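Computed from the coordinates by the stated procedures, all read-outs in this text should not be read as laboratory data. As the structure is a prediction and not an experimental result, all values here were calculated from the model.
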Amino acid sequence: MHGRLQSFRRNAAAWVARRVFPHADNLVAPGELPRGGIQRILVCRPNHRLGNTLMVTPLIAELEARFPGAEVDILGSGGATASVFAGYPSIGELFLLDRRALRRPIATARTIGRLRAKRYDLVIDAASGSSSGRIASGMAQARYQVRVEGTPGAPAHFAMRPVHALRVALGMPGADWPSLDLRLRDAERATGMETLQRVLRAGPESGNAPVLAIFPNATGAKRHDTAWWQRFIAVLTASIGERRIVELVAADGISRLDNAYPTYFTSDPRKLAAFIDAAGTYISADCGVMHLAAATRATTIGLFNRTDPKRYAPVGDGNAAVACEDGCPERTATRVAALLANQHTGA
């Protein structure tokens with residue numbers, strides 16, 4: 001019933017978007033967005049999921065490169081939004097919708113009212129198929145509008161689609177893509193390293209073995225159980241050698257590995273990212289924390305059994321998506337071991 005209700009709400013929002021905003025007079029055709037005179041920008045990505053918010057960071061980097069003197073406001077959702085963009089000096093005001101915006105019409109109306117009180121040179125609907133994003137971008141007071149939806153030649157990966165849409169609008173195609181990046185500060189990295197060393201001292205003595213951070217949690221069918229991870233870790237460490245393993249604990253505070261390894265928990269995305277950055281290597285199923293790891297300097301390996309890695313693989317040099325759709329932890333571990341061995345040898 002809950003799933004059908006959610007589907008009904010999405011379809012209703014899509015119907016409203018099509019009827020209320022069937023066509024925008026300010027929608028920019030390919031090559032028609034001016035390269036100058038853009039000072040005030042609004043990016044619409046109202047989604048509460050951490051991964052979807054992180055996948056907007058390449059667009060912000062692209063905007064800073066194309067319009068270095070502009071200020072970028074963001075219409076988002078979720079408590080992590082402010083943390084994700086804290087390292088970007090171009091960010092101005094954050095307009096945050098509740099994840100259940102339709103159930104809180106008064107609060108939603110107030111947020112949209114604040115947004116409509118401002119005038120923008122450019123608004124970007126940064127999501128594919130998001131009715132809420134389309135409605136919000138259609139309501140914003142802007143001279144020009146760019147949409148990801150319908151942009152020709154869009155790349156498969158969701159993080160690159162808004163960058164591509166902006167480049168198409170500017171008539172400036174490019175083959176190089178910005179990475180996900182939290183832009184951790186030196187002080188944050190130092191604190192992350194100090195925290196990692198403190199956590200490791202609580203575990204078994206393992207000398208100077210490399211550190212491996214594992215987040216054994218995910219939503220729904222993407223999650224692997226404790227037995228799966230135990231078999232995966234056994235084969236992986238037999239293949240690549242001893243590792244000082246740290247388990248990153250999910251929001252519920254419960255270890256998925258029976259507290260067999262030192263654990264780390266924080267509700268602060270930037271502290272978690274700094275910890276992963278210090279660890280240097282990270283493995284999990286496809287999830288928001290995987291994208292958080294990809295936004296650091298750590299080598300990030302994502303395990304994919306349900307979602308499409310072409311759309312959601314961890315972005316960045318050295319990062320990789322590994323198929324585990326057959327459900328076999330031993331075969332998955334062998335694939336991951338081969339990847340890590342190639343990176344170690346520079347192959």
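Observations, loosely collected:
- For the stretch 210-225, 3J(HN,Hα) per residue [Karplus equation, 6.51 cos²θ - 1.76 cosθ + 1.60, θ = phi - 60°, Hz, x = Gly/Pro]: x, 8, 10, 8, 10, 10, x, 9, 5, 8, x, 6, 6, 7, 9, 7
- Against the chain, whose longest principal axis comes from its Cα atoms, helix 161-170 is set at around 40 degrees.
- Rounded to 10°, Cα long-axis angle of helix 2-20 versus longest principal axis of the chain: 30 degrees
- Between residue 217 and 285, the built amide H atoms are under 5 Å apart, and every one of these is 5 or more places off in sequence or on another chain.
- Set of lysines near residue 222 by C-alpha distance (under 28 Å), chain-local residues within fewer than 8 positions excluded: 271, 310
- The C-alpha atoms of the chain define a longest principal axis, and helix 329-345 lies at about 90 degrees to it.
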